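J.: Please find one structure pasted underneath; my questions will follow.
The values are calculated or read from the model by the stated rules, or taken from the named source; none is laboratory data. Computed from a predicted model, the values in this text were never measured in an experiment. Cβ atoms come from the backbone with ideal geometry, glycine included; neighbour counts cover every protein chain shown. Note: accessible area is taken over every heavy atom of the protein model, side chains too, but ligands, DNA and RNA are not part of it. Shrake-Rupley method; radii C 1.70, N 1.55, O 1.52, S 1.80 Å.
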Amino acid sequence: MLPFTYALRNLFRDLSRLAQTVGGSALVVLLLIASVALNQGMDSVLSASGSAKNVILVGKGSEESIERSEVHLDAESSVITSIRGLEEQLGTPAVSGEITYQAPIRTASGKEDQALLRGVLEKALLVHRSVRLLEGHFPAPGEVMVGKLAHRNLGVDASELALGQRIYFENEALNVSGIFTAPGTVLESEIWFDRNDLASLTQRDTLSAITLRMDNAEFDDVHVFTLQRNDLELAAIREDVYYSKLGAFYQPIKVMIWVTAALVSAGAIFGGLNTLYAAFASRIREMATLQSIGYTRGALLVSLIQESLLATLTGTLLAFLIAYFLLDGRTVPFSVGTFTLILTPQVILTGLAAGILLGTIGTLPPAIRCLSPSLPKALRSS
Amino acid sequence: MAFISIRSLTKSYTKGKTSVTPLENLSLDVPQGEFLALMGPSGSGKTTLLNLIAGIDTPSSGQLEINGRNIADLSQRQLTQWRATHVGYIFQLYHLVPVLSAYENIELPLLLGKLTKAERRMKIQAALDLVDLSDRAHHRPAELSGGQEQRVAIARAIVHHPELLVADEPTGDLDRDSADSILTLLQQLATEHGKTIVMVTHDPKAAQAAHRTLHLEKGQLINNPRQ
């Protein structure tokens, strides 16, 4: 085997080539880990938002979108009286009729953007178990409670949605009475209204959906209820299934993320390969000299791979540092909520694997080309 | 018995659609410790013969025995191992590894064996002393003159004590003084250390330093006189 110092020193033969290789691999790895983190973040926020114990009752035909759904107000009491085995707390069944709405909200600074609004009563906390009030209180009429990440959806500073601040909806001013968290779920990006407030502000006399939490009841019990009470025109869908279908809705976006990452990476990989071809081509005679001394082609290939790995792993490390400072913990808003980019072990392993593959498989074509000429011919090359 | 024994050696290959035969039916004996010079015009087959003797290339037919072993029958892998032990190659343009110091360049053949670091250091120091470059051990090739580079290349070629040294125009890129000192060194290696040396040269003065000079033309030896 050739000494490791040979591979190490070869790295610094041409600093511009080294910069290209390190920069190219950093770009590829960064894009890859960003793509994985984006997709993972989106998947995890959607999967965490749904509970297998919760069932959503929506208007028949609106199973794909709660916002389009309309459910009669009376349906809520019918659910409570007809379905046995629902969770209860201090005699209150975990059934929450809610209005879900997407509309522009204006903050005190005058900035207006689309927000996810949910009209609820206090019993909503019985079904949305991840929700925790961080400060303030549940909204009374004329008040709203905002999710910790709602400001990201509105594109404003968190201070504009702080306790005591005012927001404007349909020319009505509403006080922020509470800040809540619902870690890792889409709820954390929502603004919760008093249900009656939202009903009157949006001039609707129906609910969007009823969410209920099962104890010893089963989904089939709820489904049978929807069939028996055909007059209410309801459809039941498990909450986790609803959010997983929502995830499928975002599949084309995920594909676009991968395609974009793949296209930019392909450019960087071809650029990197070109650099390696040029770097190795100028060393054909040196490789031949080492073979004439007695080093096998295999030993030389290992040394070339070591050299490339040093460069690509440096790039990988650079990508991790950039990702750590620029991506990790950053929240990304999307239409139904906000998710956080996290450098999970899986994301880090994916980046590391990419760096190793770039340094090994990516090195093979130029290395083989450099080592393949016959020895007499290679010794004559300039 | 000759150290190098060549019988009916032919090397041919195809270039495009043409068949080229740089060496044809060549026979030659070189005794151990001889310093042999090969001369001839460009394309006469000198370097091809040198590469065959060094195990860099393989013949198309014929017998090529070095120290009693027919290297024509060896596989590429066996040839590589054989070169590592038995041959030292000296190139016209030195072919030193630019990122390694003189010491590290000389160490390269030794890293193929199982010597300890201390044993390697001893051998490298001896080789450096022989080529009179001990004070330049930690200089990189770019920091050495052409003559010094060639001395390092010679030290690298002899450090593992091969019986055979092959040199392809070793003085072709040097000024007269440096060339003379390299030739003196090669003479010393043959006479005092018993190395068998085959040198290709265009320079009649370099050839004069050898014990014997052979002339090749169109792949054939045109005379074989002992000088």
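J.: Quick one: which of B:LYS11/B:LYS114; B:LYS114/B:LYS195; B:LYS117/B:LYS195 span more than 31 angstrom between C-alpha atoms?
T.: On the way: B:LYS11/B:LYS114 35 Å; B:LYS114/B:LYS195 23 Å; B:LYS117/B:LYS195 26 Å.
From B:LYS11/B:LYS114; B:LYS114/B:LYS195; B:LYS117/B:LYS195, over 31 Å: B:LYS11/B:LYS114.
J.: Would you work out if the stretch B:128-227 is rounded, prolate or oblate? Take a ≥ b ≥ c from the square roots of the eigenvalues of the alpha-carbon gyration tensor; rounded if a/c is under 1.5, else prolate when a/b is larger than b/c, oblate otherwise. Write out the running numbers ahead of the final one.
T.: Values: a/c = 2.28, a/b = 1.70, b/c = 1.34.
Note, shape of the stretch B:128-227 comes out prolate.
J.: Hey, another quick one. For the stretch A:2-16 and the stretch A:34-111, what is the separation of their Cα centres, given in Å?
T.: Each part's Cα centre sits 59 Å from the other's.
J.: According to a simple spin-label model (label point 7 Å from Cα along Cα-to-Cβ), what is the distance in nm between A:GLN114 and B:ASN70?
T.: Once both label points are built, they end up 8.4 nm from each other.
J.: Moving on to the next point. Around A:PHE339, which amide H atoms from residues at least 5 apart in sequence, or from another chain, sit under 5 Å from its own amide H, with H modelled in the peptide plane?
T.: Those lying under 5 Å, H to H, from A:PHE339 are A:VAL332, A:PHE334.
J.: While we're on this one: In nm, to one decimal, how far is the modelled label at A:TYR277 from the one at A:LEU73, with both set 7 Å along Cα→Cβ?
T.: Placing both labels 7 Å beyond Cα along the Cβ direction yields 7.3 nm.
J.: Can you run phi through the Karplus equation (6.51, -1.76, 1.60; θ = phi - 60°) for the stretch A:195-205 and list ³J(HN,Hα) in whole Hz, with x for Gly and Pro?
T.: These are the phi-based 3J(HN,Hα) values: 4, 5, 4, 5, 4, 6, 5, 9, 6, 10, 10 Hz.
J.: Here's another thing I want to ask about it. Between 0 and 90 degrees, rounded to the nearest ten: what's the tilt of helix A:239-249 against the longest Cα principal axis of chain A?
T.: Relative to chain A, helix A:239-249 is tipped by roughly 50 degrees.
J.: Taking each residue of A:373-379 in turn, how many C-beta atoms of other protein chains fall within 10 Å of its C-beta, and what is the average?
T.: Values: counts 0, 5, 10, 10, 1, 1, 9.
Average per residue, whole number: 5.
J.: Right, here's the next one. Can you pull the mean other chain C-beta count within 10 Å for peptide B:93-100? Don't skip to the end; give the middle numbers.
T.: Working: counts 4, 1, 8, 2, 9, 5, 10, 6.
Average per residue, whole number: 6.
J.: Starting at the first residue of the stretch B:26-40, write each ³J(HN,Hα) from the Karplus equation 6.51 cos²θ - 1.76 cosθ + 1.60 with θ = phi - 60°, in whole Hz, x for Gly and Pro.
T.: These are the phi-based 3J(HN,Hα) values: 9, 10, 6, 10, 10, x, 5, x, 7, 10, 10, 9, 10, 10, x Hz.
J.: On to the next question. If you average the sequence gap of Cα pairs under 8 Å that are 6 or more apart and divide by the length of chain B, what percent do you get for the contact order? Walk me through the intermediate numbers first.
T.: Working: 447 pairs, mean separation 66.8, N = 227.
Relative CO of chain B lands at 29 percent.
J.: Can you give me the Cα centroid spacing of the stretch A:239-294 and the stretch A:117-193 in angstrom?
T.: 43 Å
J.: Order these peptides, B:121-129, A:220-228, by their mean beta-carbon neighbour count within 10 angstrom, highest first.
T.: Values: B:121-129: 17.3, A:220-228: 15.7.
In descending order of packing, they fall as B:121-129, A:220-228.
J.: Just the number, please: carbon plus sulfur as a percent of the accessible area of chain A, 1.4 Å probe, no ligands or DNA/RNA counted. Mind showing how you got there, number by number?
T.: On the way: 10040 of 17100 Å².
Answer for chain A: carbon and sulfur cover 59 percent of the accessible area.
J.: How high is the FRET efficiency from B:GLN125 to B:ASP29, r the C-beta distance, R0 45 Å, rounded to 0.05? Let's see the in-between values first.
T.: Numbers: r = 36 Å, r/R0 = 0.80.
Computed FRET efficiency for B:GLN125 and B:ASP29: 0.80.
J.: OK, next. Given the whole protein assembly as supplied and a 1.4 Å probe, what does the accessible area of A:GLU63 come to in Å², nearest 10?
T.: 60 Å²
J.: In addition: Can you send over the solvent-accessible area of B:SER75, 1.4 Å probe, protein chains only, in Å² to the nearest 10?
T.: Only protein atoms counted, so the area is about 50 Å².
J.: Which aspartates and glutamates, on any chain, are close to A:LYS53 with Cα under 15 Å apart, when same-chain ones fewer than 8 places away are left out?
T.: Filter leaves A:GLU87, A:GLU88, A:ASP215, A:GLU218, A:ASP220, A:ASP221, A:GLU239, A:ASP240.
J.: Students often check this: by mean Cβ neighbours within 10 Å, which of B:111-120, B:92-101 ranks highest, and how do the rest follow?
T.: Working: B:111-120: 13.1, B:92-101: 20.0.
Top to bottom by mean Cβ count within 10 Å: B:92-101, B:111-120.
J.: Can you flag which of B:LYS123/B:LYS205; A:LYS111/A:LYS245; A:LYS111/A:LYS148 are past 21 Å Cα-Cα? Walk me through the numbers before you get to the answer.
T.: Details: B:LYS123/B:LYS205 32 Å; A:LYS111/A:LYS245 32 Å; A:LYS111/A:LYS148 18 Å.
B:LYS123/B:LYS205; A:LYS111/A:LYS245, as the Cα separations exceed 21 Å there.
J.: Before I look further, what does the stretch A:113-270 give for accessible area per residue, probe 1.4 Å, in whole square angstrom?
T.: 46 Å²
J.: In sequence order, what are the phi-derived ³J(HN,Hα) couplings for the stretch A:128-144 according to the Karplus relation 6.51 cos²θ - 1.76 cosθ + 1.60 with θ = phi - 60°, rounded to whole Hz, with x for glycine and proline?
T.: 9, 6, 7, 6, 10, 6, 7, 7, x, 9, 4, x, 8, x, x, 10, 9
J.: Under a cut-off of 18 Å between alpha-carbon atoms, report the aspartates and glutamates in cross-link reach of A:LYS254, not counting same-chain residues fewer than 8 places apart.
T.: Hits, sequence-local ones excluded: A:ASP43.
J.: Length gain on complete extension for the stretch A:SER82 to A:LEU326, per 0.36 nm per residue less the alpha carbon to alpha carbon distance? Intermediate results must be reported in sequence, preceding the final value.
T.: Values: separation 244, 0.36 × 244 = 87.84 nm, distance 5.21 nm.
That pair, A:SER82 and A:LEU326, stretches by 82.6 nm at full extension.
J.: Once you place label points 7 Å from the Cα toward the Cβ at B:THR21 and A:GLN165, how far apart are they in nm?
T.: 9.3 nm
J.: Then there is this: So, R0 is 60 Å and r is the distance between the beta-carbons of A:ARG129 and B:SER8; what FRET efficiency does that work out to, to 0.05?
T.: Rounded to the nearest 0.05, the efficiency is 0.05.
J.: Shielding by partners for B:48-60, please: the mean number of other protein chain Cβ atoms within 10 Å of each residue's Cβ.
T.: Details: counts 1, 0, 1, 5, 1, 0, 3, 3, 8, 5, 2, 0, 0.
The per-residue average across the peptide is 2.
J.: On to the next question. Relative to the first principal axis of the alpha-carbon coordinates of chain A, what is the inclination of helix A:284-293, with its axis defined by its Cα atoms, in degrees from 0 to 90 and to the nearest 10?
T.: Roughly 60 degrees, rounded to the nearest 10.
J.: Kindly identify chain B as rounded, prolate or oblate by the Cα gyration tensor criterion: order the square roots of the eigenvalues as a ≥ b ≥ c, call it rounded if a/c is under 1.5, otherwise compare a/b with b/c, prolate if a/b is larger, else oblate. Could the numbers behind the result be given before it?
T.: On the way: a/c = 1.75, a/b = 1.46, b/c = 1.19.
It comes out prolate by the Cα gyration axes.
J.: Go through A:TYR243, B:TYR13 and list them by solvent-accessible area, largest first, probe radius 1.4 Å. Write down the numbers at each step before the final one.
T.: Details: A:TYR243 20, B:TYR13 105 Å².
Ranking A:TYR243, B:TYR13 by accessible area, largest first, yields B:TYR13, A:TYR243.
J.: Right, another one. Quick one: which residues, 5 or more positions from A:ALA115 or on another chain, have an amide H under 5 Å from its amide H? H modelled 1.01 Å from N in the peptide plane, none for Pro or chain starts.
T.: A:ALA103, A:ILE105
J.: With Kirkwood's inverse mean 1/r over C-alpha pairs for Rh, give me the Rg to Rh ratio of the protein assembly as shown, two decimals please.
T.: Details: Rg = 40.2 Å, Rh = 30.7 Å.
Ratio of gyration radius to Kirkwood radius for the protein assembly as shown: 1.31.
J.: Non-local amide H neighbours of A:GLU70 (under 5 Å, H modeled in plane, Pro and chain starts lacking H): which ones?
T.: Counting only residues 5 or more places away or on other chains, the set is A:GLY59.
J.: Among bridges DSSP assigns within chain B, what percent are antiparallel (round to 5)? Before the final figure, lay out each step's value.
T.: Numbers: 18 of 35 bridges.
If I count the DSSP bridges inside chain B, around 50 percent turn out antiparallel.
J.: Moving on. Mind grabbing the accessible area of B:LYS205 for me, 1.4 Å probe, Å², rounded to tens?
T.: Spelled out: B:LYS205, probe radius 1.4 Å, area about 90 Å².
J.: How high is the relative contact order of the stretch A:61-232? Use alpha-carbon pairs under 8 Å, at least six apart in sequence, and give a whole percent.
T.: Values: 358 pairs, mean separation 55.6, N = 172.
So the answer I get is 32 percent.
J.: Take the alpha carbon gyration tensor of the stretch A:61-232, find the square roots of its eigenvalues, order them as a ≥ b ≥ c, and report rounded if a/c is under 1.5; if not, report prolate when a/b exceeds b/c, else oblate.
T.: Values: a/c = 2.24, a/b = 1.74, b/c = 1.28.
Prolate, since a/c reaches 1.5 and a/b exceeds b/c.
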